[in-house]
Amino acid sequence: MLVYAIYVIVAVLYAYALVDCIRTPAGRMRLLPKVGWLAILVLFPVLGAIGWRNLGKQSAPVEARTSIA
C-alpha cells in the first residue's frame, strides 16, 4: 500500500511541475528557457520536477503577491 502512495505523490509532483512550467511566463524562468525546462521534465520526470520546484522560476514580486488581511 505504501508503494502506491509513493507513486501517487510522484505523479502529483510531476503533474504540478509540468502544468506550472507551461503556465509560467518566460520572464520568470530561471537558469533555462521554457523549452529547456520542458525537455528536462519530459526526459527526467522525477529529477526534473524536483529541479523545477527548487530552481525553475523566480518568486513573484512583492507587489504581485496577494495577501489576506
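The values are calculated or read from the model by the stated rules, or taken from the named source; none is laboratory data. All values derive from a computational prediction rather than experimental measurement. All Cβ positions, even for glycine, are placed from backbone atoms using ideal geometry, and neighbour counts span all protein chains on display. Calculation scope for accessible area: heavy atoms of the full protein, side chains included, ligands and nucleic acids excluded. Shrake-Rupley method; radii C 1.70, N 1.55, O 1.52, S 1.80 Å.
Within segment 37-56, the residues that satisfy the criterion of being in contact with an Asp or Glu (Cβ under 9 Å, 6 or more places away or on another chain) and crowded, with 19+ Cβ neighbours inside 10 Å are 52, 56.
Would you confirm whether any residue within segment 53-64 is modelled with pLDDT of 90 or more and more than 9 Å from the chain's Cα centre (by Cα)? Checking segment 53-64: not a single residue is modelled with pLDDT of 90 or more and more than 9 Å from the chain's Cα centre (by Cα). Among the conditions (1) open to solvent by less than 90 Å² (accessible area, probe 1.4 Å); (2) closer than 10 Å to residue 57 by Cβ; (3) touching a residue at least 24 places away in the same chain (Cβ under 8 Å), the only one that residue 31 does not satisfy is (1). For segment 19-29, the criterion of a residue being modelled with pLDDT of 90 or more and among the polar types (S, T, N, Q) is satisfied by at least one position.
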